[in-house]
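Below is one structure; the comments refer to it alone.
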Amino acid sequence: MTRPLLLALVRGTAVLVALASLAVTLHTGPARPGAALSFGALVLTGELTRWSAPPGAGAGPEVREPAPLGAAAALAYALLGEEAGRSAHHGACQTVAVVLTAGLLGSVPHIARGHAGTLDHLVRRVLTVFVAATGTHVLHATGATRAWGGPGHAVALPVLLALTALCGAVVAALSLHCRTRWPFVPLLREELRGLLGLGSAVCATGAVTALGVAVAGLWALPVCALPMLLTQLSFRRCAAVRAVCRQTIASLARATEIAGYTPAGHARRVAALSRAVGRDLGLTEPDLTVLEHAALMHDIGQLSLVDPVPAGATAGLPAAEQRRIALLGGAVVRRTGADREVAVVVERQADPCPEQTLPARIVRAVNAYDEKARDAGAGGPLEALEELRRAGGDYAPEVLAALARVLARDGLTIPAAG
């Protein structure tokens, strides 16, 4: 099955679930409107305050759950079987309808500002809520929770949460794979790894909120939601700090271009292509961030040179000179306050290939590729790849293979850097 067809299938399933849920809810009327309004308002609050990437930047896989409060509230409503000791009487269709309506209303400001990722965000929310709500409805409709008693319910709830989280991870990884053509398995692995952090907090908050409302009624909503709201606000601040850090590093990387040591756009091209190669090789998100920052500043050591290297092409220099420039660059990076691992990658990019870490191997190969391909015309990419392969052990074979796959997906062109 092709990627466009697969993406259409996922989105089509979400649309069918959403339309059927809205139709059933409008036909039968909402059960317990007070609870529906309360949970809908909480989901709306979470969606309005969610973090969104700026226009043109893309959400990126690092933003796995930009609205943890909205996700926790939606999950809590899906898991709600009782309200203050009375049966909640709302089924999976009403749950999806309430969450979808709140999600659409909360997405209006983000869509108006041109933020990306809203459609996939809503698709994931609809499908995960439907899975959780259907499982909860089956458990309560069959009387399984009452028959099993407390221990049985304690086992059923984590299992249902695990299935819901797994569904969300698969949908998110699949959507991103179809849109970007990045390898599916590393994306899924990264989504599952993310569940150990914020994902577990969302699941725990949703479960506790549902249990609290079942015992104390809707008064438990603000008490259970406050910690997650504070977490969401902190998450937005951390995301803003990371964005400022990347902009600062990108500005520093331009120093070599402004001074005339390297061609315009070289650092950004190497960073974009290095990140794509690292993703193809299955690097984790923190490692990809280190790789990107190191690639942006890989030439900064050239600022210490009295005589610039022609066109900034360090790949053709003697090994000793490459090593000296790399060490100078690492020293500069350390003085900027960047992550120590970034400085290590910059320093080791000129080491012999067997002694390098994987990020350093990627930066070395991609830098050489960009230098050889940028002025070689239409056949530059193929010729550059062949030249790197003929270099013997100077470049890691697995990195060159990943570079070839990335370039093949992009039509053997040098990716534009954002």
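The values are calculated or read from the model by the stated rules, or taken from the named source; none is laboratory data. The shown structure was predicted, so the numbers you read here are calculated from the model rather than taken from an experiment. No Cβ is skipped: glycine too gets one built from the backbone with ideal geometry, and neighbour counts run over all protein chains shown. Accessible surface areas use protein heavy atoms only, side chains included; no ligands, DNA or RNA. Shrake-Rupley method; radii C 1.70, N 1.55, O 1.52, S 1.80 Å.
Residues in segment 184-197 that are out of contact with any Ser or Thr (no Cβ under 7 Å at 6 or more places or on another chain) and buried (at least 18 other Cβ atoms within 10 Å of the Cβ): Pro186, Leu187, Leu188, Glu191, Gly194, Leu195. Quick check on my filter: what residues within segment 270-290 are among the basic types (Lys, Arg) and at pLDDT below 90? Arg279, the sole residue that qualifies.
Remark: pairs (first residue in segment 118-140, not assigned by TED's automatic domain parsing to the domain that holds Leu176; second residue modelled with pLDDT of 95 or more; Cβ separation under 9 Å; 6+ apart in sequence or on different chains) are absent.
Within segment 260-284, residues that are touching a residue at least 60 places away in the same chain (Cβ under 8 Å) sit with their Cβ atoms under 6 Å from residues that are open to solvent by 30 Å² or more (accessible area, probe 1.4 Å) and among the small types (Gly, Ala, Ser), at 6+ positions apart or across chains, in these pairs: Arg268/Ala417; Arg269/Ala417; Ala272/Ala417. Among residues of segment 151-167 that are over 16 Å from Leu211 (Cα atoms), those with a Cβ under 9 angstrom from a residue that is at pLDDT 85 or above and surrounded by fewer than 17 Cβ atoms within 10 Å (Cβ to Cβ), sequence gap 6+ or separate chain, pair up as Ala165/Leu192; Ala165/Ser200; Leu166/Leu192.
If you go through segment 268-311 and pick out every residue that is more than 19 Å from Ala250 (Cα to Cα), assigned to a loop (DSSP other than H, G, I, E, B) and of a type outside the set (Ser, Thr, Tyr), you end up with 8. Of the residues making up segment 285-312, those that are among the charged types (D, E, K, R) and either farther than 22 Å from Gly337 by Cα or not assigned by TED's automatic domain parsing to the domain that holds Val399 (or both) number 1. Looking across segment 322-339, the residues that are open to solvent by 60 Å² or more (accessible area, probe 1.4 Å) and over 34 Å from the mean Cα position of the chain (by Cα) come down to Arg323, Arg324. Of note, Val17 does not satisfy the criterion of being modelled with pLDDT under 80 and either touching a helix residue (DSSP H, G or I) at 6+ places or on another chain (Cβ under 8 Å) or not small (Gly, Ala, Ser) (or both).
Yes/no per residue for (1) open to solvent by 60 Å² or more (accessible area, probe 1.4 Å); (2) not basic (Lys, Arg):
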residue	(1), (2)
Val215	yes, yes
Ala225	no, yes
Arg237	yes, no
Arg246	yes, no
Leu252	yes, yes
Gly260	no, yes
Gly265	no, yes
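The residue list Thr180, Thr231, Thr205 contains one member that is assigned by TED's automatic domain parsing to the domain that holds Thr128 and in contact with a Cys (Cβ under 9 Å, 6 or more places away or on another chain), which is Thr205.
Scanning segment 332-342 for residues that are in a helix (DSSP H, G or I) and in contact (Cβ under 8 Å) with a residue 24 or more places away in the chain returns Val332, Val333, Thr336, Glu341, Val342.
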